[in-house]
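Working notes for the structure below.
The values are calculated or read from the model by the stated rules, or taken from the named source; none is laboratory data. As the structure is a prediction and not an experimental result, all values here were calculated from the model. Cβ placement follows ideal geometry from the backbone for every residue including glycine, while neighbour counts extend to all protein chains displayed.
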Amino acid sequence: MNPLSVAIPVLAHGPRRRRREEERKREEEEEQLKREEEETKKRKRIEERRRRREEEEASSSSSSTSYSSSSSSPYPSSHSSSSSSMHPSSSLYPSPYSSSYGRADDYEREEKDALAEQERQQKFAEREKKRRENYGYLDTSEAEQRKEEAAALEKEKKRKEEQRVIPAGLLDQYDETVTPAAMLDVYDTERERLITRAEAVVGRISAIDWAKKADPLLAHVFALALERVRSKNQGLIATVLNVVSKHSTYQTKAPLVGEVFVLELSVGSAGQPAGGTAQPTYVQFPVKTKAIAPVETAVRAKKQKQSKQDPLTKDEVLVLWKAVSDAADTLAPTVIHELTHMALYKSHRNESNPWLPEKYGGHLGTLAGTLKSGSDKAKLPKLINMINPEWAKSNLRDECDELSKFAAAEGAPTDIFDVGQRFNLYTKTKAAELPSHLMEIVYLRGEGYVQTNLPKGHAVLVRLQQQLDDYFRTASVNTDWFAAHGLPRAGFKDT
């Protein structure tokens, strides 16, 4: 239910609410007057008791004085005075049978009790006022509407969580009538779809033993992480994935250097930081599924058992789906990081440095003077651009310093700070790590964020995007880089 649709009928009770409010105020004023009257009566009673006590004490004192002066004593006056001061009937020691005995303590106790009662009633009145403001003056229909509104908000909150975890195309299938078992079937169907889409980019998803397919849960988390990367709809990300897909393979034999690669997945522990490894022939990802695997096993066992005492619930399936989603969120930045390395391995063939090896540049210079074909000559300018000599000379020092300083600056977002911390772990290979770390930020914050805050780094990515696009469109898959571009290798010394 839309919360707005609940709020509209509530507003329609405006006049009735005003009347209720006026009645509540009148009743509060009447209660206040009653309390004041009671307090006035109590004060009068206390004053009256105090007055009587004083009169009784005065009367007792005068009668005692009169008795002493009128009676004749056989004792000398000094003895009489001494004995009267110690006599129980003295006014200083009233008799227990006297009406004034203990009366002062009684009055003080009554005053304290009266004050305590007054304070208790005041606190009760304040609590009652709050209760009435919150609940007391809602009629049945309004109270029900409040409950419906709260339920609608809770349902909307849960729905948003489902939308984050369950893909939009499948959310339509997940409604109030869907059974938990059917929901788990949808989960499995979505797993198959994601893995199929992922393999179209990276090829066969393998285990660490690349001849075997990866565990389905590992493949599911990786495929969902790759889907999150693809969904960013960033041109830089699309370019990287295009080059990667160009060199992916479904082959069961070991790939050749510079041609294709295999993707391998292993089980990562919960305490292990998200990370991966990329080499020209393979890329590996540790996927954190140790905590998820028992959950999935338990959910599938419940579905299989179909116990009436302990049935499978939708919430249990949603917990499993959310665990996979959270693991994919953690892995996604690592996916674009390592695939950026792979794209540069294939395009520039220089250990992920964003420039061609010096020997490649030398041979391209030689070819410029020997090529006769117009089509071959037309290829050279774009290939010569890939030499990027100024980057090779500077080792991208300024661009690397820009990223390090920005990520370490006060107020930098946590995710950017983490990228900078990992980037600073590299010393000799910073230039090779710069594009991949910048692509993480493109995934996390968007290209516009990089352009605004890291203009030098963004300039590197823009030039690389053009070079990778050209490579994707024109090069073939070949272990010989020159042959991949249709150029002769004759005279090239690979030393």
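Assorted remarks:
- Here Y107, Y187, Y135 are screened, and the one residue that is at pLDDT 75 or above, among the aromatic types (F, W, Y) and assigned to a helix (DSSP H, G or I) is Y187.
- When G448, G457 are screened for being among the small types (G, A, S), without any contact (Cβ under 8 Å) to a residue 24 or more places away in the chain and either outside the structural domain of V240 (by TED's automatic domain parsing) or closer than 17 Å to N350 by Cβ (or both), only G448 passes.
- Within region 378-390, residues that are under 13 Å from G486 (Cα atoms) sit with their Cβ atoms under 7 Å from residues that are assigned to a helix (DSSP H, G or I), at 6+ positions apart or across chains, in these pairs: L380/L364; L380/L367; L380/A368; L383/L364.
- Pairs are defined by a Cβ separation below 9 Å, a sequence spacing of at least 6 or placement on different chains, a first member in region 45-56 that is farther than 13 Å from A114 by Cβ, and a second member that is small (G, A, S) and outside any helix (DSSP H, G or I); the pairs so defined are R53/S100; E56/S98; E56/S99; E56/S100.
- Residues being in a loop (DSSP other than H, G, I, E, B) and either at pLDDT 95 or above or in contact with a helix residue (DSSP H, G or I) (Cβ under 6 Å, 6 or more places away or on another chain) (or both) are represented in region 236-252 by at least one member.
This table checks each residue for (1) within 30 Å of F261 (Cβ to Cβ); (2) in a helix (DSSP H, G or I); (3) not assigned by TED's automatic domain parsing to the domain that holds G268; (4) not β-branched (V, I, T).
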| position | (1), (2), (3), (4) |
| --- | --- |
| F285 | yes, no, no, yes |
| K302 | no, yes, no, yes |
| D315 | no, yes, no, yes |
| V324 | yes, yes, no, no |
| A332 | yes, yes, no, yes |
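- Of everything in region 392-436 that is surrounded by fewer than 19 Cβ atoms within 10 Å (Cβ to Cβ) and aromatic (F, W, Y), the residue that is nearest to W355 (Cα to Cα) is Y426.
- When the criteria are applied in full, L265 fails the requirement of being modelled with pLDDT of 90 or more, surrounded by 22 or more Cβ atoms within 10 Å (Cβ to Cβ), out of contact with any Leu (no Cβ under 7 Å at 6 or more places or on another chain) and not β-branched (V, I, T).
- Among the residues of this structure, T414 counts as one that is without any contact (Cβ under 8 Å) to a residue 12 or more places away in the chain, more than 18 Å from E338 (Cα to Cα) and in the same structural domain as V450 (by TED's automatic domain parsing).
- Subset of region 446-468 [over 17 Å from W355 (Cβ atoms) and surrounded by fewer than 17 Cβ atoms within 10 Å (Cβ to Cβ)]: G446, G448, Y449, Q451, T452, P455
- Within region 175-214, considering residues that are in contact (Cβ under 8 Å) with a residue 24 or more places away in the chain and of a type in the set (G, A, S), the one nearest to T297 (Cα to Cα): A181
- Filter pass, Q304 being surrounded by fewer than 21 Cβ atoms within 10 Å (Cβ to Cβ), at pLDDT 90 or above and either in contact with a helix residue (DSSP H, G or I) (Cβ under 9 Å, 6 or more places away or on another chain) or more than 30 Å from A431 (Cα to Cα) (or both): yes
- Within region 307-344, considering residues that are within 18 Å of L241 (Cβ to Cβ) and not hydrophobic (A, V, I, L, M, F, W, C), the one surrounded by the most Cβ atoms within 10 Å (Cβ to Cβ): T340
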